[in-house]
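The values are calculated or read from the model by the stated rules, or taken from the named source; none is laboratory data. Everything numeric here is computed off the predicted structure, so don't read it as measured data. Heads up, the Cβs are rebuilt from the backbone with ideal geometry, glycines too, and the neighbour counts pull from every protein chain shown. Each accessible area value is taken on the protein alone, full model and side chains, heavy atoms only, with ligands, DNA and RNA left out. Shrake-Rupley method; radii C 1.70, N 1.55, O 1.52, S 1.80 Å.
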Amino acid sequence: MPLDLALLSRKLKAYREQFEASFEQVAAATGIPADRLAELESGGQKPTGDEILIIADYYKCDYNYFLSGDEPAVFEQTEELYRTHGDQFSPEDRWAVQEFLYLCECEQFLWQAFERSPSSSFSFRKTGGHYKRQGADAAEALRRFKNYQANQVVSDVFQDLRSIGFHVFRRRLGNSKISGLCVRHPQAGNCLLINYDEDMFRQRFTAAHEGGHAILDDDQSVIVSYEGAHDRREVRANAFASGYLVPRETLALLPNDLPWTPETVTEWGIRFGVNPEPLLFALKDIGRVSEQQVEELRRVRIPPNKKNDPELSNSLSANTSRRVREMLERGLSAPYVNLCFDAYDADDQRIVSAARLAEMLLADPGQVADIAALYGRVLRHEL
């Protein structure tokens, strides 16, 4: 089938405008001259194969998108995202979201290549019209599915969500008002982005919150969660996060005469891995604290050094810890990085090439060896 130059030009223009990039910016990043890019976007020139590959790599999308006559749903989703919430996303944050979706696609590809796709049988069917109750019921159902006991708290919510097939990535966003995103990717499925700019306990709650959206808002392709939002869907997702991380059955085991002071709020916030506010709201729901106590204690601050990151070992040196944090800021968690290296090191398959490995790690080829050393990997093949 001949290449439809008019359709290609529309796609090139749509992508460039979605990221608010000029011809000069694209040219500087790709090495394709600005006037050549303008010619391709005008529909008057046929691109070379290399140009298509370079442009697709720049936009972190499948090159077939530009060659086919189909409009992929994932682009339609990001169009919807920026059409509805565009004023909240800077050009830098738009690139962050695009790289996040790219990582989700890569992870899904690797899960399937290794036949590691979580084949979870977890499902939840909403009943009734009470949104908050639906959220609480879904949290209880997932805790049962994960075999949590009444007195057991969640240690790694990120891994819990990955284990039921969700792609979970943390990425620093410039807009601190955005807590997270839930995107229903046409190939990868449920993709959750947590703003790494938040403190660790807030990230845990946001991850559970976005997981609630993925489980309960199956009619939505894209959801953006803003700090302090209170529509019904957000209330339901909050109820899910609270019920999953601070289950009422666990709170019911606490002594009735336990005094709720700044010290006890701090102690139990650390145990549950949540900030005081969700803990106090959960306690209020079961009648353990009053509205006045909530107002008095909600501003208690838990020391940052008590908020351990399950994906950042305390045994790391200061320099290594800093470098791992820099990786996490870009969405590169240890499970994902190790999966990428597993694919490259596989003796019998060689699932990805050296160039593809670097792309999956959002790195230059020369940086891959340093990343391998950072995660204790020994490359079995020469780069």
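Structure notes:
- Check on residue 184, modelled with pLDDT of 95 or more and open to solvent by 10 Å² or more (accessible area, probe 1.4 Å): no
- Flag for residue 101 being aliphatic (A, V, I, L, M), touching a Ser or Thr at 6+ places or on another chain (Cβ under 8 Å) and open to solvent by less than 40 Å² (accessible area, probe 1.4 Å): yes
- Taken across region 172-179, residues that are of a type outside the set (D, E, K, R), on the phi > 0 side of the Ramachandran plot and touching a helix residue (DSSP H, G or I) at 6+ places or on another chain (Cβ under 8 Å) do not occur at all.
- Among residues of region 116-173 being open to solvent by less than 10 Å² (accessible area, probe 1.4 Å) and assigned to a loop (DSSP other than H, G, I, E, B), the one that is nearest to residue 335 (Cα to Cα) is 154.
- Per-region count, region 39-77, residues surrounded by fewer than 16 Cβ atoms within 10 Å (Cβ to Cβ), part of a helix (DSSP H, G or I) and of a type outside the set (D, E, K, R): 5
- Test: residue in region 231-241 that is open to solvent by 60 Å² or more (accessible area, probe 1.4 Å), in a helix (DSSP H, G or I) and either over 23 Å from residue 111 (Cβ atoms) or at pLDDT below 95 (or both): yes
- Residue 256 meets all of the listed conditions (1) within 20 Å of residue 162 (Cα to Cα); (2) open to solvent by 10 Å² or more (accessible area, probe 1.4 Å) but one, namely (1).
- Answer residue from region 83-115, given it is small (Gly, Ala, Ser) and in a helix (DSSP H, G or I) and is modelled with the highest pLDDT among those: 96
- Count of residues meeting criterion [more than 21 Å from residue 7 (Cβ to Cβ) and of a type in the set (A, V, I, L, M)] in region 26-50: 4
- Of note, residue 294 satisfies the criterion of being surrounded by 16 or more Cβ atoms within 10 Å (Cβ to Cβ), free of Cβ contacts under 8 Å to residues at least 40 places away in the same chain and touching a Leu at 6+ places or on another chain (Cβ under 6 Å).
- Of all the residues in region 330-364, those that are touching a residue at least 40 places away in the same chain (Cβ under 8 Å) and either in contact with a Gly (Cβ under 9 Å, 6 or more places away or on another chain) or open to solvent by 60 Å² or more (accessible area, probe 1.4 Å) (or both) number 4.
- Scanning region 85-98 for residues that are open to solvent by 70 Å² or more (accessible area, probe 1.4 Å) and either in contact (Cβ under 8 Å) with a residue 24 or more places away in the chain or basic (Lys, Arg) (or both) returns a single hit, 92.
- Contact map, region 250-276: residues that are under 20 Å from residue 207 (Cα atoms) paired with residues that are of a type in the set (S, T, N, Q) and in a loop (DSSP other than H, G, I, E, B), Cβ distance under 7 Å, separation 6+ or inter-chain. Pairs shown: 269/275.
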